[in-house]
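The values are calculated or read from the model by the stated rules, or taken from the named source; none is laboratory data. In this text, all values refer to a predicted model and were calculated from it rather than measured experimentally. All Cβ positions, glycine included, derive from the backbone under ideal geometry; neighbour counts span all protein chains shown. When the accessible area is computed, the model is the full protein with side chains, heavy atoms only, and any ligands, DNA or RNA have been set aside. Shrake-Rupley method; radii C 1.70, N 1.55, O 1.52, S 1.80 Å.
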Amino acid sequence: MSLFRPDASSLYSALAEPRLEALARRGELRVFRRHAHLMEEDQEGDDLFILLSGRVRVYVTSGGPKPREMTHGICGPGQFVGEMSLHHKSRSASVEALQTTTCALLTREKVMAFIHEEPEFALDLLHRVTERARQANRTVRQVLFLDTYGRLCELLTRNTLALADGRLQLRDRQTHAQMAQQIGCSREMVSRLLKDLIVGGYVQREAERQYFVCKSLPLRW
């Protein structure tokens, strides 16, 4: 992590919400290199991180002698992480930079002062917390009620952009390992499933880990 010293006013243009931009401008700009951690699960801390560029992965780790990771989501510019700790002061998840990422870091005191001036921002925070809780519930339901193929299909069709040619483009470029962390299986299983979907013409892969869904995926593998 390093303090971002050059003028970075253009980075705020990624924030479409005026209140979020106003809050971000009160924070300290920090740069996190790829694989650096913004926060660690169960760590003490109550800072809020507003993402201005780059991408991060939010994940939790199981206990035991062979701990496993489960990714709850990937966040990019215009989103923030760390809001759960504003109340509990203990991190509910770890956050890792997937690429060089610039954030505006705000202390709890600055966030509370801003809410005092802009009470509606409390509703913005509540909305984000609710969405995170829903995502966590979806993850639990998928692990309990869907098989590995079903979870992969859900991942391939969840966060997509509909193209003019009818294909669905995955918004996030992900490795097989990153996909596996999100659906709770091995990287080898993801590679095997994707290979079959590509051979069948259901999924297309282009350079730099960009995937497209070309037609409705089979109900079963």
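Data table
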read-out: Per residue solvent-accessible surface (Å²) - the range 13-67, probe of 1.4 Å; value: 52
read-out: Compactness relative to 2.2 N^0.38 Å, alpha carbon Rg of the range 112-189; value: 1.48
read-out: Between helix 148-158 and the chain: long-axis angle, C-alpha atoms, 0 to 90°, nearest 10; value: 60
read-out: Percent accessible area from carbon and sulfur atoms, the chain, protein chains only, probe 1.4 Å; value: 52
read-out: Most positive-pole-ward Cα, Ala162, Ala22, Gln43, against dipole of the chain from beta carbon charges; value: Ala162
read-out: q = 0.25 Å⁻¹: log10 I(q)/I(0) that the Debye formula gives for the range 17-61, counting C-alpha atoms only; value: -1.12
read-out: Whole-Å distance, taken between Cα centres, linking the range 75-152 and the range 175-221; value: 27
read-out: Relative contact order %, the range 89-221, counting alpha carbon pairs below 8 Å whose residues are six or more apart; value: 19
read-out: Sequence-distant lysines (8 or more away, or on other chains) whose Cα lies within less than 30 Å of Lys215; value: Lys195
read-out: Reachable lysines from Lys110, criterion Cα separation under 18 angstrom, eight or more residues apart if same chain; value: Lys89
read-out: Enclosed volume per residue, in Å³, of the convex hull spanned by Cα atoms of the range 1-140; value: 108
read-out: Computed helical MRE - 222 nm, the chain, DSSP H runs ≥ 4 contributing -39500 (n - 2.57), nearest 500; value: -10500 deg cm²/dmol
read-out: Summed side-chain charge close to Gly54 - residues other than Gly54 whose Cβ falls under 14 Å, Lys, Arg +1, Asp, Glu -1; value: +4
read-out: The chain: angle of helix 187-199 to the longest principal axis, Cα-based, in degrees nearest 10; value: 60
read-out: The range 40-188 - charge dipole about Cα centre, Lys and Arg +1 at Cβ, Asp and Glu -1, debye rounded to 20; value: 620
read-out: Crossing angle, helix 108-117 versus the chain [Cα axis fit, 0-90 degrees, rounded to tens]; value: 80
read-out: Global geometry of the range 31-105, whether rounded, prolate or oblate, following the gyration tensor of its Cα atoms and the 1.5 cut on a/c; value: oblate
